[in-house]
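Worksheet: the structure to be examined is printed underneath.
The values are calculated or read from the model by the stated rules, or taken from the named source; none is laboratory data. Owing to the predicted nature of the structure, the values given are computational and were not obtained by experimental measurement. Quick reminder, even Gly has a Cβ in these numbers, built from the backbone with ideal geometry, and neighbours come from all protein chains shown.
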Amino acid sequence: MNGRTSDARDSGREGLPSHIPGTVTPREPLGEILKGQKALVTGGTSGIGRAVALALAEAGADVAVNHLSDSEAVAEVVDALEAAGATALSVQGDVSSEEDVERMISESCDALGTIDILVNNAGIQKDARFADMTLDEWNDVIGVNLTGQFLCARAAVREFLAHGDRTEVCAAAGKIIGISSVHDVIPWAGHVNYAASKGGAQLMMKSIAQELAPYRIRVNSVAPGAIRTPINEQAWRDRDDYEELVRLIPAGRIGEAEDVARAVVWLASDHADYVTGATLYVDGGMQLYPGFSEAG
Ligand code: NAD
């Protein structure tokens with residue numbers, strides 16, 4: 001029986017507009033499949049990152065939660081992790097800054113002993129029509145979504161190589177899970193910087209996976225479709241916008257952060273020990289050309 005609990009399993013209907021079906025509940029407990037493992041989640045104070053941190057803790061991991069500048073939100077997440085039985089801490093830092101990332105990893109390792117799992121979650125959108133997109137809008141998104149994943153992955157890999165096999169807690173020497181997007185394969189007009197960052201992260205992930213598989217380091221991505229978080233609130237808050245969005249999703253509902261978190265836990269666990277260089281789409285079928293379901 002799993003000794004840890006998490007509110008990630010049952011976010012319920014609280015605060016949900018009536019047109020959104022909400023999380024599919026009840027769900028099976030995760031079980032302590034990450035017991036004894038140490039994780040760092042970037043951008044862990046909201047949306048997918050928060051749900052991932054809670055699910056990792058429910059699965060038995062201790063968790064360092066990165067935040068950019070939201071000390072109140074990160075304190076709430078750390079409290080929730082501790083309430084679930086985990087050792088938890090917050091690590092402030094900008095993932096696009098090399099200096100911050102080196103400090104974040106070293107603070108996490110000092111507090112937890114090492115890290116076994118990195119979840120590269122932090123991400124931003126700065127949308128503009130292509131002809132109007134500024135260089136700053138391009139650089140900011142590439143800086144966080146692509147360079148940020150590179151800097152965090154490199155620092156984590158150095159730690160994995162330094163500690164080597166951790167057979168007492170898991171089969172691999174380390175695991176990296178990048179939060180990508182269906183827009184690592186679906187072009188997205190008006191979001192060229194974002195699609196380029198996620199497409200780049202996809203091949204970066206596969207290349208790192210190829211290089212590091214001999215060292216028993218596994219590198220994978222989870223690619224969400226439309227997930228109900230603050231990043232895309234304009235697409236689900238109003239009924240009309242929501243209904244237009246759902247036309248793109250064969251499963252007929254927006255995803256919840258817990259849908260993504262469960263896939264991350266599985267990829268991080270020994271259940272996925274032979275999985276590396278893979279992208280797991282958690283998107284209700286969004287990348288299956290839904291327009292063809294009736295018009296093909
Ligand atoms: P969110 O806005 O709730 O979360 C993004 C997090 O990243 C925030 O906590 C934010 O503070 C943090 N962050 C931003 N810049 C940072 C920086 N420089 N350093 C450290 N942290 C930083 O949105 P979300 O939907 O939970 O997004 C999480 C990830 O999921 C992102 O990578 C996003 O691209 C991806 N994603 C989301 C969806 C969706 O539908 N919500 C779909 C596909 C992919």
Query raised in the report: Only one of (1) acidic (Asp, Glu); (2) in contact with a helix residue (DSSP H, G or I) (Cβ under 9 Å, 6 or more places away or on another chain); (3) within 24 Å of residue 181 (Cβ to Cβ) fails for residue 132. Which number is that?
Result: (2)
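With 282, 275, 265 as the choices, which residue is touching a residue at least 12 places away in the same chain (Cβ under 8 Å), crowded, with 18+ Cβ neighbours inside 10 Å and touching a strand residue (DSSP E or B) at 6+ places or on another chain (Cβ under 7 Å)?
Sole residue among the options that is touching a residue at least 12 places away in the same chain (Cβ under 8 Å), crowded, with 18+ Cβ neighbours inside 10 Å and touching a strand residue (DSSP E or B) at 6+ places or on another chain (Cβ under 7 Å): 282.
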**Report entry** Members of segment 202-223 that are within 15 Å of the ligand (Cβ to nearest atom), polar (S, T, N, Q) and free of Cβ contacts under 8 Å to residues at least 60 places away in the same chain
**Finding:** 221
Report task. Test residue 23 against the stated conditions and say whether it is under 20 Å from residue 226 (Cβ atoms), in contact with a helix residue (DSSP H, G or I) (Cβ under 7 Å, 6 or more places away or on another chain) and either within 16 Å of the ligand (Cβ to nearest atom) or at pLDDT 90 or above (or both). Result -> yes
Query raised in the report: How many residues does segment 244-296 hold that are polar (S, T, N, Q) and under 19 Å from residue 121 (Cα atoms)?
Result: 3
Requested in this report: Output yes when any residue across segment 184-200 is more than 16 Å from the ligand (Cβ to nearest atom), of a type outside the set (S, T, N, Q) and surrounded by 16 or more Cβ atoms within 10 Å (Cβ to Cβ), and no when none is.
Outcome: no
Query raised in the report: Going by the conditions given, is residue 175 away from the ligand (no atom under 16 Å from the Cβ), under 25 Å from residue 259 (Cα atoms), under 18 Å from the mean Cα position of the chain (by Cα) and outside any helix (DSSP H, G or I)?
Result: yes
Report task. Might you let me know whether segment 163-171 holds any residue that is away from the ligand (no atom under 16 Å from the Cβ), assigned to a helix (DSSP H, G or I) and of a type in the set (Gly, Ala, Ser)? Result -> no
